[in-house]
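The values are calculated or read from the model by the stated rules, or taken from the named source; none is laboratory data. If you're wondering where the values come from, they're calculated on a predicted model, not measured in any experiment. Using ideal geometry, Cβ is built from the backbone for each residue, glycine included, and neighbour counts are taken over all protein chains shown. Just so you know, the surface numbers come from the protein's heavy atoms only, side chains and all, with ligands and any DNA or RNA stripped out. Shrake-Rupley method; radii C 1.70, N 1.55, O 1.52, S 1.80 Å.
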Amino acid sequence: MKQVYLDTFGCQMNVADTDRMELLLFHSGYIRTGEAQDADLILINTCSIRDKAEQKIYSLARNLKPLKEVNPDLILGFTGCLAQQEGEQFLEKMPFVDLVIGPDGVEHIVRLVDEVKEKNVPVVRTQFDTDTNYKIPELSGETPLKPGSTTFVNIIKGCDKYCTFCVVPFTRGREKSREVEEIEQEVRLLVSRGAREVVLLGQNVNAYGKRGLKRPVPFHELLYRIASISGLERLRFTTSHPKDFTRECISAYQDLDILVNHLHLPVQSGNNRILKEMRRMHTVEEYISIIEELKTAVPDMGLSTDIIVGYPGESESEFEDTLVLMEKIKFNNSYMFSYSPRPNTPAQDFPDSVPQSVKSARLQRTIELQKKLTLEQGEKFIGKEVDVLVESESFKSGADFRGRNAQYWSVNFTGDKRQISPGDMVKVVVEEASGHVLRGRGVL
Ligand code: SAH
Ligand code: F3S
């Protein structure tokens, strides 16, 4: 068999796309290797969400160039969002590259690799598909890949929200959902292969099923249907947009035991003017009201969010509103970013009076506050028993296993290796909290 080396940058959607390429290539005679220098085909699945991600990929591309010089038959390809954004320009910058493929080209990976081999010229493919829905037929059939105890399932691709700062609508195209039956079939297959937890994935999962399907299926209905699949023990989803987050979804948390008590709900800013400028289409008060309703319905809800600091024109007091909101909601975890101008997005043309040094200082303050909140939230688990889905053995000294509790905290714990294995649900008494990680002792 030939060997393919795959590397992934960016979000879970990219991880899922890389897995898809691995599967398709496996059926055409490629086996995955962890060593780039042994590979006949190298594919780097790229991200362009912020400038830093982009720079990392260009520097990796330069590092891979010598491999092409040693082995002229090597096919070197870049897939994903940066490939989509740059298209032909990527080749101009990196002329030694053979393949540039946007996210919608992933399903054609085998044909595109063959095209490079046959024609011996670089191939660029950045058109979006024209289907009304999103299909991953190969994932409902027999697959050779063994899922982990927790596994991701794409339900919708693309994004129609067009937040002013975000490149995703340009790199991943319009929202398209998969038919419920296809998703159910995939989940059943994954469960039969050992998966215990499924994370439903999309840029905006709450927009699921609105258009393009044989019959519209709202997101909460999908949750009820997936939750009824036997053998599945936990269900999660990410990411939600506050504007589309419905009351029915809150009811689903109450009704469905396997829908775990965790929600990742990006807020971006705690200031109404900035939210409006970002075109987030909701206010701070509306966000707080969703969270309050959710916390009333499900008291031990774990919450996480995304935050951008230093959006063009953000004043000191507008920034401080974000800190106030973080304190109020008490997120377990935040993914915090300094605003980075992106090609094609409206915000890149907005006058930006916030100097880089101020953005960095704001980011630092946000990180410090989140550290404190995380510690406070983590300490609440000390002495309590939590259910942990075991994902793997632990690499940490003094711990045997690692997994996650319902609220999505990483848990390292001691336990009997003769009795516990990945995929088991284990009761763990928490003894210590540090950073985002809890430590404890497994009690069967
Ligand atoms: N709904 C998506 C969001 C994708 S981007 C999801 O599935 O996660 C992830 C996060 O990156 C956003 O929520 C936002 O906080 C951040 N982000 C996006 N564009 C950015 C930019 N131009 N600068 C800084 N952060 C950005
Ligand atoms: Fe980006 Fe906003 Fe969609 S952050 S992915 S445009 S919801």
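Brief remarks follow.
- Residue match in region 177-192 (condition: more than 16 Å from ligand 2 (Cβ to nearest atom) and either hydroxyl-bearing (Ser, Thr, Tyr) or closer than 30 Å to Ser269 by Cα (or both)): yes
- Filtered by the rule that a residue be out of contact with any Ser or Thr (no Cβ under 9 Å at 6 or more places or on another chain), under 18 Å from Gly212 (Cα atoms) and more than 10 Å from ligand 1 (Cβ to nearest atom), region 144-168 gives Asn154, Gly158, Asp160.
- Any hit, region 178-192, residues being in contact (Cβ under 8 Å) with a residue 60 or more places away in the chain, in contact with a Phe, Trp or Tyr (Cβ under 7 Å, 6 or more places away or on another chain) and under 17 Å from Arg20 (Cβ atoms): no
- Verdict on Glu393 being open to solvent by 30 Å² or more (accessible area, probe 1.4 Å) and within 22 Å of Ile258 (Cα to Cα): no
- Residues of region 300-334 satisfying the condition of being within 16 Å of ligand 1 (Cβ to nearest atom), open to solvent by 30 Å² or more (accessible area, probe 1.4 Å) and without any contact (Cβ under 8 Å) to a residue 40 or more places away in the chain: none
- Condition check for Asn63: assigned to a helix (DSSP H, G or I) and open to solvent by 70 Å² or more (accessible area, probe 1.4 Å): yes
- Residue in region 31-52 that is assigned by TED's automatic domain parsing to the domain that holds Phe78, open to solvent by less than 50 Å² (accessible area, probe 1.4 Å), in contact (Cβ under 8 Å) with a residue 40 or more places away in the chain and assigned to a helix (DSSP H, G or I) present: no
- Long-range neighbours under 7 Å by Cβ, at least six apart or interchain, first residue outside the structural domain of Gly10 (by TED's automatic domain parsing) and charged (D, E, K, R) within region 82-110, second assigned to a loop (DSSP other than H, G, I, E, B) and open to solvent by less than 10 Å² (accessible area, probe 1.4 Å): none
- Condition met for Glu118 (among the acidic types (Asp, Glu), outside any loop (DSSP other than H, G, I, E, B) and open to solvent by less than 40 Å² (accessible area, probe 1.4 Å)): no
- The listed residues are Phe245, Phe237, and the only one of them that is touching a strand residue (DSSP E or B) at 6+ places or on another chain (Cβ under 7 Å), buried (at least 20 other Cβ atoms within 10 Å of the Cβ) and aromatic (Phe, Trp, Tyr) turns out to be Phe237.
- Search result, residues across region 248-287 that are under 16 Å from Val324 (Cβ atoms) and either in contact with a Lys or Arg (Cβ under 7 Å, 6 or more places away or on another chain) or open to solvent by less than 30 Å² (accessible area, probe 1.4 Å) (or both): Val267, Gln268, Ser269, Gly270, Asn271, Ile274, Leu275, Val284, Tyr287
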